[in-house]
Amino acid sequence: MNRFEYASPSSAQQAIGLLSATWGDSEILAGGTDLLGRMKDYVSTPKRVVNIKNLPGLHSISRENGGVRIGALVTLDGIIEASDVRRHYPALAKAVAEAASPQIRNMATIGGNLCQRPRCWYYRRGFGLLAKTPDGKSLVPDGENRYHAILGNDGPAYFVSPSTIAPMLIAYNARLRISGPDGPREIALERFFRIPQSENEREHDLKANEIVTEIFIPADKDMRAANYEVRQKAAFDWPLATASVVLEMSGNTVRSARVVMGAVAPVPWVSEEAAQAITGKSVDEQTAGAAGRAAVTKARPLSQNGYKTKLASVAVKRALLLATGQTIPDVHTAKTAGGVA
Ligand SMILES: Cc1cc2nc3c(=O)[nH]c(=O)nc-3n(C[C@H](O)[C@H](O)[C@H](O)COP(=O)(O)OP(=O)(O)OC[C@H]3O[C@@H](n4cnc5c(N)ncnc54)[C@H](O)[C@@H]3O)c2cc1C
């Protein structure tokens with residue numbers, strides 16, 4: 001690890017003042033579970049690390065306008081244990097409980113989770129976010145791309161957005177509060193994630209001297225929600241495809257739907273196609289299956305990741321069934337039966 005200056009401010013204003021306006025010069029340290037690994041691997045080499053764990057007011061969860069406000073420094077464990085989250089947003093508690101391992105959830109903060117950098121192995125081995133050769137060609141389309149994007153991958157980015165919690169928060173219409181030198185601002189979490197067009201851009205709508213301070217989830221209007229992840233094995237690795245759904249029901253009929261897929265695109269992927277396919281219908285094997293297929297109509301797999309199209313489609317179908325209280329095939333049964341359905 002390179003030498004760096006360490007600062008531990010006690011107010012947001014001080015922290016903002018210590019952050020450089022240029023990406024790469026300084027880094028925010030929250031739980032450190034992503035940043036420290038990147039620094040040890042020389043993927044990130046900041047001259048200054050700004051510890052934000054002493055900033056006041058960012059460690060708690062509270063009710064606000066019928067919704068819930070989560071401070072950016074609340075740990076993933078803190079979210080799972082919060083009664084307000086378990087009671088009003090149980091699908092969020094489940095999504096958080098499925099992320100990483102107990103040790104990591106104990107350290108990792110929700111702000112850090114949303115700002116963590118991609119796990120793309122080209123990026124993590126120093127080839128840059130877009131993994132381009134000096135003549136501007138990406139290494140990914142003809143390279144090792146089995147875990148890369150199947151949607152939103154018409155260039156120049158092929159990595160998948162790493163947070164498995166963001167899709168569930170986006171399905172709940174969460175908003176992000178951010179503080180910077182120009183004061184506070186608020187944006188829909190959906191718009192916080194973006195596909196970088198050059199190596200100078202980041203995958204977040206965030207300036208180098210801005211800090212994510214809070215996540216706000218609006219009031220739950222009797223919603224039905226679920227999160228479903230397809231994993232290679234039951235271990236603390238990132239899933240291969242996920243689906244988060246939030247449904248507003250009118251009796252047994254879906255009045256409106258938010259369907260957000262994870263691990264399939266450089267951003268959490270909001271599927272209008274799946275939402276349209278299920279709206280106005282009751283959820284059953286057929287309608288959920290049709291919505292799952294609709295979710296991947298625009299998928300364009302790379303040379304090695306065609307298998308993800310089926311997984312993403314099944315994740316959407318199963319999330320819809322789970323959200324409406326229906327049983328889904330046991331994963332092991334599905335495996336022995338010859339695949340996922
Ligand atoms: C083995 C393993 C398995 C994992 N599995 C999953 C998984 O299944 N799902 C999943 O979602 N994640 C997974 N993770 C990632 C883990 O959840 C993240 O590393 C963690 O959430 C990051 O939070 P942190 O507080 O430690 O962030 P840090 O490491 O402190 O920071 C991460 C990045 O965000 C920036 N940052 C942090 N806080 C803020 C803020 N408030 N404002 C602006 N920028 C900020 C930092 O500068 C840094 O660049 C896994 C990690 C490991 C090591």
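The values are calculated or read from the model by the stated rules, or taken from the named source; none is laboratory data. Keep in mind that this is a model prediction, so the values were computed, not measured. We place every Cβ from the backbone using ideal geometry, glycine too, and count neighbours over all the protein chains shown. SASA here: full protein model, heavy atoms, side chains in, ligands and nucleic acids out. Shrake-Rupley method; radii C 1.70, N 1.55, O 1.52, S 1.80 Å.
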Self-check item: Whole-Å semi-axes of region 18-139's equivalent ellipsoid (Cα gyration tensor)
Solution: 31, 18, 13
Practice problem: With a probe of 1.4 Å, find how much accessible area the chain has per residue, and write the answer as a whole number in Å². | Solution: 45
Exercise. May I ask for the net charge around ARG125, where only other residues with Cβ less than 11 Å from the Cβ of ARG125 are counted and Lys, Arg are +1 while Asp, Glu are -1?
Key: -1
Self-check item: Full-extension gain in nm, ASP77 to THR45, via 0.36 nm per residue minus C-alpha separation
Solution: 8.6 nm
Quiz item: Average projected area of the Cα convex hull of region 65-191, in nm²?
Solution: 10.1
Practice problem: For a label point 7 Å from the Cα of THR279 along Cα→C-beta, name the residues of region 214-248 whose backbone N is under 12 Å from it. | Solution: 248
Quiz item: Taking 1 over the mean of 1/r across every pair of different Cα atoms in region 73-120, what Kirkwood radius in Å do you get?
Solution: 10.9
Exercise. Compute the distance in nm between two label points, each set 7 Å from the Cα along the Cα-to-Cβ direction, one at ASP25 and one at GLU5.
Key: 1.0
Self-check item: Euclidean distance between Cα centres, region 1-44 to region 46-77, Å
Solution: 16
Quiz item: So for the chain: antiparallel DSSP bridges make up what percent, rounded to the nearest 5?
Solution: 85
Self-check item: Solvent-accessible area, 1.4 Å probe, carbon plus sulfur percent, for the chain
Solution: 51
Practice problem: Compare the peptides 311-321, 131-141, 71-81, 212-222 by average per-residue count of other Cβ atoms within 10 angstrom and give them in order, highest first. | Solution: 311-321, 71-81, 212-222, 131-141
Exercise. Return the Rg/Rh value of region 198-341, two decimal places, where both radii are evaluated on C-alpha atoms and Rh is the Kirkwood radius.
Key: 1.01
Exercise. Rounded, prolate or oblate: pick one for the chain, where a ≥ b ≥ c are the square roots of the eigenvalues of its C-alpha gyration tensor, a/c under 1.5 means rounded, and failing that, prolate if a/b is larger than b/c, else oblate.
Key: oblate
Exercise. Work out, step by step, the length gained on full extension between GLU186 and ARG300: first 0.36 nm times the residue separation, then minus their alpha carbon distance; give nm to one decimal.
Key: 37.7 nm
Quiz prompt | Projected label distance in nm at SER101 and GLN13, using a 7 Å step from Cα toward the beta-carbon | solution = 4.2
Exercise. Excluding PHE193 itself, calculate the net charge of residues whose Cβ lies under 9 Å from the Cβ of PHE193, where each Lys or Arg counts +1 and each Asp or Glu counts -1.
Key: -1
Quiz item: When Lys and Arg each count +1 and Asp and Glu each count -1, what net charge do the other residues less than 12 Å away from ASN173, Cβ to Cβ, add up to?
Solution: +1
